[in-house]
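Nothing in this text is a laboratory measurement; each read-out follows from the coordinates by a stated rule. From a predicted model like this one, the values you see are computed outputs, not experimental measurements. Cβ sites come from the backbone with ideal geometry, for glycine too, and all protein chains shown count toward neighbours.
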Amino acid sequence: MSAPLNPADRPAEEAELSDADYAPEPVLPEAVRQRIMHLSAAALPGLPADEIPVALRRVARFAPNRRARLGGRDIAAQLVSDPLFRQRIGARIMADAGDLGAAVAGGVAPAAADPVEVAALAYLARPDSWRELIDAAGDAVRAESDSAAVAGQIRNAEHRAARAEHDRAVARVEADKLRDELARVREELNQVREEARSSTKALREAAIAQKRAADLLATEKGRAARAVQDHETEVRRLRAKLADAEATAATGKQAVKDARAVDDARLWLLLETIGQAASGLRRELALGPADKLPADFVADAAAERPGAPERSRARAQDTDDPGRLDQLLALPRAHLVVDGYNVTKRGFADMSLEQQRKRLITGLGGIAAQTGDEVTVVFDGAERVHGLPPAPRGVRVLFSRKGMTADELIRQLVRAEPPGRPVVVVSSDREVADGVRRHGAYPMGADSLVRRLSRS
């Protein structure tokens, strides 16, 4: 850095420069230095050719996106060593800055202005308080950096706590699976033992029958032909029975295949909810993503099926707080099931049924887009609905069939989900809430969804 000149030694063309232009250079915060480089690089081509220092004329011809990156070092050196150049380019930058440039030139920093921008302009304009403005920018940058570091530590702590809770949940699920597998193996062992006892008993009976036949054959040769004929008849009967059993087995095999498809869908969805911690188990079971979700099987069947076993989910709070609803919808792979008319008659009773349905389905489409959750809305009476518009992406619209209520269809949807998946049921019907709670779902009042929709 060159030493500042005495006022008497300055050239005539620099007579208008102040002492501040020759003051020692301060230590600039990195953000302020970068901003000065970008402002100077952008304003450099706007200077007359004879006012651009020789060292920067090549830089001035660079493309705008390369000027600050490739010529920043040369521009910074020229700003330090050439006060006249700094004054000229600073005057152009201050003119482009408008009201903010005028305020900084007067030594004032607006409260709403970016402190880095203010410090950069103060460095170029050199008002009386320019050093204080640069120091204030440094304090602001350091405070922002400290705040970001504290926020990062808080996020890391929250992430570790969530990971620990996730690991505990995975361990509980694995323990439940092992207990279920042990019970199944014991049941199969009992069945094998019972079959062995039956086979032994049948073998003894067959041996007795064979001995009796041999005795009869020895004593009554005349009845041998009839015994042979009876035996052949029995063989034909057994063959016919075997053919019937094979046909029954073929039918049962298809039923088992369909049941396995439902089980695979549940298992795949549960593994998706658990996340990466269960990837090893997915590879061991060789399961791929299911083509259908459990609720799709209920919608396709539209008939009563045996319910899935009750799950040990946490009991939901009966509340109309939309904040509680947001917390539940934030759970991984949550499934929101809505009692359609129960909600619309509480929130949009002054509309027609068609407008009620459209208003609710449109609002649920927004929730599905925001959360990425699976959303199913159930209405009574499909035979009374004609020309229903297509549902938004992520929303499944179901109507109960004749002879079935929406409440029954909602309970089928809840029973179809795998244990461990969060299912949120919105209905102010106490019977519906109590029923789904027994199956491990989270019941919420209709007002919580109405308020949530009116807020969005």
*Using the Karplus equation 6.51 cos²θ - 1.76 cosθ + 1.60 (θ = phi - 60°), what ³J(HN,Hα) coupling, rounded to whole Hz, does each residue of segment 132-138 give in order, writing x for Gly and Pro?*
4, 5, 5, 4, 5, 5, x
_I need the calculated FRET efficiency for the pair residue 139 and residue 65, taking r as the beta carbon distance and R₀ as 35 Å, to the nearest 0.05._
0.65
*Amide proton proximity set for residue 338, modelled H, under 5 Å, gap of 5+*: 376, 377, 378, 426
*Taking 7 Å along the Cα-to-C-beta vector as the label spot, tell me the residue 205-residue 84 distance in nanometres, rounded to one decimal.*
12.2 nm
*Label points 7 Å out from Cα along the Cβ direction at residue 102 and residue 114: separation in nm?*
2.2 nm
*R0 = 51 Å: FRET efficiency of residue 155 with residue 57, Cβ-based, nearest 0.05?*
0.55
_Could you tell me the calculated FRET efficiency between residue 176 and residue 331, based on Cβ-Cβ distance and R0 = 25 angstrom, to the nearest 0.05?_
0.85
*Which ³J(HN,Hα) values, rounded to whole Hz and listed in residue order, are derived for segment 361-375 from phi using the Karplus coefficients 6.51, -1.76 and 1.60 in 6.51 cos²θ - 1.76 cosθ + 1.60 with θ = phi - 60°, glycine and proline given as x?*
5, 4, x, 5, x, x, 5, 4, 5, 6, 9, x, 7, 7, 10
_Packing rank of 356-366, 326-336, where each peptide gets the mean count of other beta carbons within 10 Å, highest leading_ = 356-366, 326-336
